[in-house]
1. Per residue, how much accessible area does region 124-181 show when a 1.4 Å probe rolls over the protein heavy atoms, in square angstrom?
2. Determine the order of 85, 144 by accessible area, beginning with the largest, at a probe radius of 1.4 Å.
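The values are calculated or read from the model by the stated rules, or taken from the named source; none is laboratory data. Nothing here was measured: the structure is a model prediction, and the numbers come from that model. Surface accessibility is based on the protein's heavy atoms, side chains included, excluding ligands, DNA and RNA. Shrake-Rupley method; radii C 1.70, N 1.55, O 1.52, S 1.80 Å.
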Amino acid sequence: MGCAVRKRHKRKAEAGRKLCGNGDLEDYASSVMDDPVQPRSAEPRPRRRDRHGRGMRGPVAPPQVPLSASRAEVFTDLVQDSVERLERRWPQLSDIDFLVLEVPPLSGDDGDWSDEAVPLGGTIEASEGRPARVVIYRRPVEIRTKGRDERAALVHEVVVEQVAELLGLSPESVDPRYGED
């Protein structure tokens with residue numbers, strides 16, 4: 001085995017001499033060394049696929065397409081659409097903060113859920129320079145709906161109910177189409 005390795009190295013050296021033409025190995029080495037290797041640039045290289053043709057080909061969808069929006073972003077957009085719809089009829093809603101939280105806080109002293117149903121939304125009255133707030137809980141609403149249209153309808157109902165509670169009105173007076181399917 002040792003002989004095979006030596007023969008292989010000997011062949012490479014002979015091939016190098018053949019490349020020089022006249023057998024002058026020093027001329028070949030100096031010609032290679034005169035051409036310095038350029039350092040890599042500091043900018044990141046574009047992603048490439050691996051040697052088998054696999055790997056990232058590019059983004060699945062451009063950022064403007066709804067496919068790339070997360071569920072939380074889509075839900076926040078639904079709440080915003082509902083609020084904008086109500087603000088056309090009730091301009092004073094611009095003074096109210098509308099928040100989206102994942103889940104409602106635990107109620108009770110022992111940190112357990114009460115026997116009541118999980119709330120879909122809530123209100124916080126205005127106090128000391130802080131505006132009134134309407135809170136919509138994303139996960140309980142998502143769990144109770146199957147599709148986007150059903151979710152949009154339930155979000156609007158919850159927003160209308162919470163605004164009605166905050167204003168001290170009935171939901172039907174806040175939105176005349178409340179309860180219609």
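1. Values: 3320 Å² over 58 residues.
Accessible area per residue, region 124-181: 57 Å².
2. On the way: 85 85, 144 110 Å².
From most exposed to least exposed: 144, 85.
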